[in-house]
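Reviewing the structure listed below.
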Amino acid sequence: MKKTLLAALLTGALATSATAKTFELPAANPAITVDLPPAWKPTEVDNGAEATSPDGETYIAFETATTKGMEKLIDDDIAFLTKSGVTIDRSTQQTQDTTVNGLPVSFLHWKGKDKDGPTAVTLGIVGVTDNLIVLMTAWSSPAGDTANGPALDKILASVKRR
């Protein structure tokens, strides 16, 4: 997923579909927007939004937290993945820092596995303000990574300051 998820960002942002559903995060005092494809059946969740690709091979979520709550959000996110049957191989961790639409993003990438086999897991920490971050979680099978990579690129490229 690392290659496909970052390819568009490093060569220029891709346009998102005009039919995408735009979420403003956090809902109470929006600081960013993100567009999720309607075919992915996006839903609002506590402090964010999530969606799953139509083929069921890729999951993505965006959640907001204060910088003080960042570590807990990451721990909760990894606990969610574990509860969902994902085992992360921490020895495969790769990191990358970049910028998306003027927002600093730090990515953590791991290989892992779930009940269906190998997975790729990416956490992206988006710095929105001095006190607000958005945590992006992406989890995909190798087939889903290939098939849904362009959509993931568009989703990530849609993240913008409000």
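The values are calculated or read from the model by the stated rules, or taken from the named source; none is laboratory data. These numbers come from a predicted model, not from an experiment. In this analysis, Cβ positions are derived from the backbone assuming ideal geometry, glycine residues included, and neighbour counts consider all displayed protein chains. When the accessible area is computed, the model is the full protein with side chains, heavy atoms only, and any ligands, DNA or RNA have been set aside. Shrake-Rupley method; radii C 1.70, N 1.55, O 1.52, S 1.80 Å.
In nm, what is the difference between 0.36 nm times the number of residues separating Asn131 and Ser106 and their Cα-Cα distance?
Contour length minus the Cα-Cα distance gives 7.4 nm.
Give the carbon-plus-sulfur fraction of the accessible surface of the stretch 84-162 in %, rounded to a whole number; probe 1.4 Å, heavy atoms of protein chains only. Spell out each step's value before the answer.
Numbers: 1810 of 3600 Å².
The value for the stretch 84-162 is 50 percent carbon and sulfur by accessible area.
If the viscosity is 0.692 mPa s and the temperature 37 °C, what translational diffusion coefficient in µm²/s does Stokes-Einstein give for the stretch 77-117 when Rh comes from Kirkwood over Cα pairs?
281
Applying the Karplus parametrisation 6.51 cos²θ - 1.76 cosθ + 1.60 with θ = phi - 60° to the phi angles of the stretch 46-53, what ³J(HN,Hα) value in whole Hz is obtained for each residue in order, glycine and proline being reported as x?
Here the 3J(HN,Hα) series is 3, 6, x, 8, 9, 7, 10, 4 Hz.
Determine the alpha carbon to alpha carbon distance for each of Lys72/Lys111; Lys83/Lys113; Lys21/Lys154; Lys111/Lys160 and list only those over 24 Å.
Lys111/Lys160
If you average the C-alpha positions of the stretch 20-59 and of the stretch 110-162 separately, how far apart do those two centres end up, in angstrom?
Each part reduced to its Cα centre gives a spacing of 12 Å.
Across the stretch 124-134, in residue order, what do the Karplus-derived ³J(HN,Hα) couplings come to in whole Hz, using 6.51 cos²θ - 1.76 cosθ + 1.60 with θ = phi - 60° and x for Gly and Pro?
Taking θ as phi minus 60°, the curve returns x, 9, 9, x, 9, 9, 4, 10, 10, 10, 10 Hz for the stretch 124-134.
Quote the FRET efficiency, to the nearest 0.05, computed for Gln93 versus Thr33 with a Förster distance R0 of 35 Å and r equal to the Cβ-Cβ distance. Let's see the in-between values first.
Numbers: r = 29 Å, r/R0 = 0.84.
Calculated transfer efficiency: 0.75.
Between Asp116 and Thr82, what length comes free when the chain is fully extended (0.36 nm per residue of separation minus the Cα-Cα distance, one decimal in nm)?
Fully extending the segment from Asp116 to Thr82 adds 10.8 nm.
D for the stretch 93-154, whole µm²/s, Stokes-Einstein with Kirkwood Rh over alpha-carbon pairs at 10 °C and 1.306 mPa s: what number?
Value of D from the Cα-based Kirkwood radius: 126 µm²/s.
Expressed as a rounded percentage, what relative contact order does the stretch 7-162 have, with Cα pairs under 8 Å and six or more residues apart?
Taking the mean separation of contacting Cα pairs over the length of the stretch 7-162, I get 28 percent.
Provide the per residue accessible area, probe 1.4 Å, for the chain, rounded to a whole number of square angstrom.
Per residue, the chain has an accessible area of 51 Å².
Express the Stokes-Einstein translational diffusion coefficient of the stretch 55-162 in µm² s⁻¹, to the nearest whole number, given a Kirkwood radius over alpha-carbon pairs, 10 °C and a viscosity of 1.306 mPa s.
D, rounded to a whole number, is 111 µm²/s.
Sorted by mean Cβ packing within 10 Å, highest first, what order do the peptides 22-32, 133-143 take? Walk me through the numbers on the way to the answer.
On the way: 22-32: 15.9, 133-143: 21.7.
Per-residue Cβ counts within 10 Å, averaged per peptide and sorted highest first, yield 133-143, 22-32.
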